[in-house]
Amino acid sequence: MIVEPLQLIVATGFAGRSAEGEISTGQIDAAEKRLGLSLPEALKDYYLVAGGYRELMDQDFHLLSPEKLRVEGDYLVFCEEHQGTAVWGIHRNNLLTLPNPRVEGKASNAQKWFSESSKLSAFLLALGAWQALLSQEEKARCELPEKQLKKIDPLFDYIGERSLRLGGHRVGLIYRDASRPLIASYLFNSEMLYVGTPQEGLIEHIEEFAGLDFEWL
């Protein structure tokens with residue numbers, strides 16, 4: 001479902017670097033047996049492609065390994081905020097009936113869940129892009145109203161097919177010139193564009209070309 005766009009995130013964010021380990025199909029199978037349920041395809045894809053990169057599993061978000069997946073009430077919890085203040089999960093009914101289920105979240109000390117993303121694939125692709133961005137040496141952000149997103153179209157490609165990437169509060173992008181690695185994330189709620197790259201001077205180039213005003217992070 002999302003193997004290829006995840007591979008693109010890895011190739012862009014961690015060029016020339018091998019995975020530090022891996023999450024195997026055996027670990028996934030064992031988790032399904034322990035929990036008594038089948039994991040969604042998109043979550044399995046994330047484990048198998050990104051599971052060997054610490055930054056993609058544990059940065060701003062902490063994606064639980066198969067061994068640490070847990071059920072809270074009617075929800076399969078698979079992700080936590082890195083300081084443990086919030087969790088994200090999938091309702092059991094959606095796990096049973098939807099191939100690309102909705103993601104819901106809540107504060108760790110709260111009872112009520114809220115809608116986070118209409119599709120798990122969108123949540124994971126955006127999460128992967130965000131985690132990879134934060135791991136880059138050079139990072140910046142700028143205000144960019146959603147109605148002006150077209151001004152960066154000549155520079156970026158969206159990560160994943162439209163049907164898989166849309167449905168959440170953010171979306172990942174990749175710089176079109178593959179020889180100059182840069183990964184970006186657009187947050188719809190705050191209308192902010194974040195970019196990250198290991199290459200000096202690239203953010204300044206984009207800033208000048210697109211008429212953006214970046215703030216360094």
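The values are calculated or read from the model by the stated rules, or taken from the named source; none is laboratory data. All of these numbers come straight from a predicted model, not from anything done at the bench. For neighbour counting, all protein chains shown are included, and Cβ atoms are generated from backbone atoms with ideal geometry for every residue, glycine included.
Out of the strands (runs of 3 or more DSSP E) lying entirely within segment 39-155, which hold 1 or more residues that are surrounded by fewer than 19 Cβ atoms within 10 Å (Cβ to Cβ), in the same structural domain as Met192 (by TED's automatic domain parsing) and not hydrophobic (A, V, I, L, M, F, W, C)?
Working: elements: 61-63, 70-72, 75-81, 86-91, 103-107, 114-117, 138-143.
It comes to 138-143.
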- Query: Checking Ile9 against (1) surrounded by 19 or more Cβ atoms within 10 Å (Cβ to Cβ); (2) within 15 Å of the chain's Cα centre (by Cα); (3) closer than 20 Å to Glu104 by Cα, which single condition isn't satisfied?
  - Reply: (3)
- When segment 92-116 is examined, which residues are found to be touching a helix residue (DSSP H, G or I) at 6+ places or on another chain (Cβ under 8 Å) and over 22 Å from Glu32 (Cβ atoms)? Glu116
- Message: On the basis of being under 26 Å from Gln111 (Cβ atoms) and in contact with a helix residue (DSSP H, G or I) (Cβ under 8 Å, 6 or more places away or on another chain), does Tyr53 make the cut?
- Response: no
- Would it be correct to say that Glu191 is loosely packed, with under 13 Cβ neighbours inside 10 Å and either over 17 Å from Glu146 (Cα atoms) or not hydroxyl-bearing (Ser, Thr, Tyr) (or both)? no
- Gly89: passes all of (1) free of Cβ contacts under 8 Å to residues at least 24 places away in the same chain; (2) under 22 Å from Leu35 (Cβ atoms); (3) not aliphatic (A, V, I, L, M) but (1)
- Message: Checking the condition in contact (Cβ under 8 Å) with a residue 40 or more places away in the chain, among the hydroxyl-bearing types (Ser, Thr, Tyr) and over 19 Å from Gly160 (Cα atoms), which residue from Ser18, Ser38, Ser24 passes?
- Response: Ser38
- Filtering segment 163-177 for residues that are on the phi < 0 side of the Ramachandran plot and part of a loop (DSSP other than H, G, I, E, B) leaves a count of 5
- Message: Name the single residue that is nearest to Ser135 (Cα to Cα) among those in segment 160-217 being over 16 Å from the mean Cα position of the chain (by Cα) and β-branched (Val, Ile, Thr).
- Response: Thr197
- Query: Conditions: (1) among the small types (Gly, Ala, Ser); (2) outside any helix (DSSP H, G or I); (3) closer than 27 Å to Lys33 by Cα. Gly160 meets all but one. Number of the miss?
  - Reply: (3)
